[in-house]
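Below is one structure; the comments refer to it alone.
Every number here is computed from the coordinates shown, using simple stated rules; none is lab data. Small disclaimer: the values here were computed from a predicted structure and weren't measured. Don't worry about glycine lacking a Cβ; one is built from the backbone with ideal geometry, like all the others, and counts go over all protein chains shown.
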Amino acid sequence: MTRADHLTAIIDLDLPGPRISRHVYGHFAEHLGRCIYGGFWVGEDSDVPNVRGIRSDVVDALRALQIPNLRWPGGCFADDYHWRDGIGPRDQRPRMVNSHWGDVVEDNSFGTHEFMDLCELLGAEPYVSGNVGSGTVREMSEWVEYLTRADDSPMAALRRGNGRDEPWRVPFWGIGNEAWGCGGNLRAEQFASLARQYATYVRDHGDNTVYRIAAGADSDDLHWTEALMRSFDQAGLGQSPAAPFQALSLHYYTMTGSWSAKGSATQFTTDEWYLALARAAHMETLLQRHSTVMDRYDPQRNVGLVVDEWGTWWDVEPGTNPGFLYQQNTLRDALVASTHLDAFHRHADRVVMTNIAQTVNVLQAMLLTDPDSGALVLTPTYHVYEMSTGHHDADALAVHLKDVPAVETASKELPLVSASASTRGDTALVSISHLDAAESRTLVVDLRGREVTAHTARVLTADRVDAHNTPDALDRVAPRPHDDAVRPHPRGLEVTLPPASFVTLSLTLA
Ligand code: AHR
């Protein structure tokens, strides 16, 4: 490990950069394990307090995060999903097999109306993922019409017959999902053509304008991004009416092992702590490389990059269904999240939206629900999102880090501090992730360009790097005031960073 005496973060408070869209803080809910059923949806007859079948405690917890959008119904499930199975009286809806996730029977009791109700309760904008793999162009076109059309068109009339008079607003639409894999095993050029075709029929009805997102690359697959970018006619990029779609997606998951043995969520060595964080830091490289390819075709950055699946993917908790992807969430997951968010902030001019996978009970969840007691657990990752709401729709500020120590991992060298900042009006928020598993450190925050008249600080940390919350210990990892650890410094502020911590500094500016 290399060491330095004057770890410093320089921030020019008067030089705001691109806007960090609040949609960078988006979420994802798939029909997978206990995400929808038992997570969001308990049904109207449940003993668990609910509004029209949707868990009230889950809604309240997510409202505190101001979640901007929710992606649904998949994931891989989306390319098996036929929306007409999920409308009309619940007891008459056809059943299907959820082949990807546990091979369980899906009764379609949570469908289009329930999802739109959920979004309204959350105050979140819907991001519907359309079926390209096993669906038809007509099916997708009619779903958009059903959701968003106001007059007496056939689909609007069908919606009214199912109890919803007014059309909904659906601003985001996915054209397929992982088309290189579970979404059809297509080749890049083949999908690029199909995406153009499907997107043509995802129409804007009335004043509902759809932002169409074509299923993008897996991790390092630059060829996929290149093929989609090549499929644009030069006259019709991004927001142009001639553009077939407005954005491409990207998926990348963090694990310490391989797809066959991903690593335990809670039992890991110090080396695996650093390895996970180094693998998470690969997101920065991916954003740089995919953006470089996109820049060749779109130097004005009109086409958005939507990282609509990311986060940790560990081996499932022992004793749980391997197809349900239920995993615990420790302080390590919190820092994986915070360092990803730093990367997204740095690329705010290209990254218009992201969706961490997945909101409740699946992969790197915000919330875990106990199937026996019904208890709701807020995960460490939840707290990172709550501590970061000040970045929503704020202007990114560059953070220049100096003399950052680093550690060698089996993946790459990992700098032990990551940071990002933003400003909105007379406030600024600085996020600092300290990745050292054992030692505390002092950081000088060199604040330039505007006077800071007040500051408050919070910290998320714990006495163990594998600390996590459970129904019996709900607040083992929870944010605490950190004001005592912040001191004036001739160049701004000096803050003590405990080992394995996420610190936020909220500044009031003159
Ligand atoms: O998020 C779980 C799965 O991961 C999604 O269904 C799929 O798109 C990806 O492979």
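For the range 2-45, the set of trypsin sites (Lys or Arg not before Pro) satisfying both a DSSP loop assignment and a count of at most 13 other C-beta atoms within 10 Å is given as ARG3.
Karplus-derived 3J(HN,Hα) values for the range 84-95, using 6.51 cos²θ - 1.76 cosθ + 1.60 with θ = phi - 60°, are 5, 6, x, 10, x, x, 4, 6, 10, 6, x, 9 Hz; glycine and proline are entered as x.
Assuming R0 = 30 Å, what is the FRET efficiency of ASP426 and ARG301, from their Cβ-Cβ distance, to the nearest 0.05? E between ASP426 and ARG301, to the nearest 0.05, is 0.55.
Spatially, the range 66-131 and the range 284-347 are offset by 23 Å when compared through their Cα centroids. Starting from the Cα gyration tensor of the range 116-163, take the square roots of the eigenvalues, sort them a ≥ b ≥ c, and report rounded, prolate or oblate (rounded when a/c is under 1.5, otherwise prolate if a/b is larger than b/c, else oblate). Verdict is oblate for the range 116-163. Among residues other than VAL97 with Cβ under 13 Å from its Cβ, the summed charge is -4 (Lys and Arg +1, Asp and Glu -1).
Relative to its residue count, the range 410-467 spans a Cα convex hull of 142 Å³ per residue.
Computed 3J(HN,Hα) for the range 389-403, one whole-Hz value per residue from the Karplus formula 6.51 cos²θ - 1.76 cosθ + 1.60 where θ = phi - 60°, is 4, x, 7, 4, 6, 9, 8, 5, 10, 5, 10, 9, 8, 10, 6, glycine and proline marked x. Once backbone amide H atoms are built at 1.01 Å from N, VAL445 has ALA9, LEU493, GLU494, VAL495 as its partners under 5 Å, excluding neighbours fewer than 5 places away on the same chain.
What does the charge count around PRO299 come to, taking other residues whose C-beta lies under 13 Å from its C-beta (Lys +1, Arg +1, Asp -1, Glu -1)?
0
Between the amide H of SER129 and those of TRP72, GLY74, GLY174, distances stay under 5 Å, these residues lying 5 or more places away or on another chain, with hydrogens modeled in the peptide plane. Over 14 Å apart: what share of the alpha carbon pairs of the range 1-67 falls there, rounded to a whole percent? In whole percent, the long-distance tail amounts to 74. Taken over the range 327-459, the ratio of Cα radius of gyration to 2.2 N^0.38 Å equals 1.17. Placing one equal scatterer on every Cα of the range 129-249 and applying the Debye formula, the log10 ratio I(q)/I(0) at q = 0.15, 0.22 Å⁻¹ is -0.66, -1.18.
Spin-label model, ARG230/SER373: points 7 Å from Cα along the beta carbon direction are separated by 5.7 nm.
Candidate membrane-span-like segments in the chain, meaning DSSP H helices with Cα atoms spread over at least 27 Å of their own axis and a Kyte-Doolittle mean of -0.5 or above, are 270-297, with no membrane implied.
When all alpha-carbon pairs of the chain are counted, what percent fall beyond 46 Å? So the pairs more than 46 Å apart make up 10 percent of the total in the chain.
In the chain, Cα pairs under 8 Å separated by at least six residues give a relative contact order of 19 percent.
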